[in-house]
1. Got a number for residues in the range 60-96 being buried (at least 20 other Cβ atoms within 10 Å of the Cβ) and assigned to a loop (DSSP other than H, G, I, E, B)?
2. Would you tally the residues in the range 162-213 being within 14 Å of M127 (Cβ to Cβ) and among the charged types (D, E, K, R)?
3. Can you confirm whether the range 69-80 contains a residue that is aromatic (F, W, Y) and more than 14 Å from the chain's Cα centre (by Cα)?
4. Go through V75, V92 for me and flag whichever is of a type in the set (V, I, T), modelled with pLDDT of 95 or more and assigned by TED's automatic domain parsing to the domain that holds R183.
5. Out of curiosity, is A69 farther than 29 Å from A163 by Cβ and either assigned by TED's automatic domain parsing to the domain that holds A120 or modelled with pLDDT of 95 or more (or both)?
6. Inspect the range 98-115 for any residue being farther than 22 Å from R183 by Cα, surrounded by 13 or more Cβ atoms within 10 Å (Cβ to Cβ) and under 19 Å from the mean Cα position of the chain (by Cα) and give the result as yes or no.
7. Could you list, in sequence order, the residues of the range 182-192 that are in a helix (DSSP H, G or I), touching a residue at least 60 places away in the same chain (Cβ under 8 Å) and out of contact with any strand residue (DSSP E or B) (no Cβ under 6 Å at 6 or more places or on another chain)?
8. Is there a residue in the range 166-186 that is modelled with pLDDT of 80 or more, in contact with a Lys or Arg (Cβ under 7 Å, 6 or more places away or on another chain) and among the aliphatic types (A, V, I, L, M)?
Amino acid sequence: PLVRFLETRFDTTLTEESRVRRNPRIPDHLVHVCVYFLDPSLILTCRGLTPMDGDALRRLSSRVAVVLAFGRRDVITSYQLTKLREWVTRDVKAHDIPIYDFPDDTNEDEPSELNAELRALIPLALMNGEESLEDDETGSPQRARTPVHDGPSPRAEGPPKLARTFPWGDLHVTDPADCDTSRLVEAIVSTHREELRLHTRENVYERWRTDKL
């Protein structure tokens with residue numbers, strides 16, 4: 001159903017482009033990114049992508065820019081996350097699955113440090129916050145301990161708001177030291193917004209259009 005939905009958007013775009021009198025204000029019907037969540041427990045059990053994930057990714061990646069992510073970062077240790085990324089990256093390359101991996105612009109002389117940083121985080125580790133932590137006295141968001149890292153990590157500027165609380169400490173959704181949620185949001189809505197639009201239009205849609213015609 002999801003692949004068919006994406007193809008319906010392609011059909012709508014092609015129909016608009018084929019009109020004798022095109023509407024200069026035609027809205028963009030294309031879907032520019034799909035965040036595909038992998039179950040870390042299944043990846044750990046299989047030591048790689050499941051057959052279902054592999055098949056779904058092959059189908060989706062031909063119709064939309066797919067960004068891989070793990071849910072439930074709060075239940076993954078640092079060591080497990082390293083192995084999970086290693087196994088998924090291995091299988092993606094082995095099966096030649098064209099996920100969106102924040103490629104460098106071929107027109108640029110120097111590779112992008114931001115792109116390299118994001119590529120190293122694929123699949124990104126995400127989690128959802130349960131509450132907004134507040135200081136008992138000031139009422140302002142507080143920064144609690146986060147003892148899940150192997151070593152010290154730089155904290156994001158500004159106080160994080162959403163968090164998940166555990167007996168041993170707190171994990172902050174908006175803190176890059178705890179998970180990659182803020183990096184993903186920033187990439188999609190800011191730093192890589194135009195790149196995703198161009199990738200969808202010039203690569204994904206044009207391939208489909210060529211096959212269609």
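1. Total meeting the criteria: 4.
2. Number satisfying all stated conditions: 6.
3. Yes; the residues of the range 69-80 include at least one that is aromatic (F, W, Y) and more than 14 Å from the chain's Cα centre (by Cα).
4. From the options V75, V92, the qualifying one is V92.
5. no
6. no
7. R183, A187, I188, T191
8. yes
The values are calculated or read from the model by the stated rules, or taken from the named source; none is laboratory data. Being a predicted model, the structure only gives us computed values, none of them experimental. Methodologically, a virtual Cβ is constructed for each residue, glycine included, from the backbone with ideal geometry; neighbour enumeration extends over all protein chains shown.
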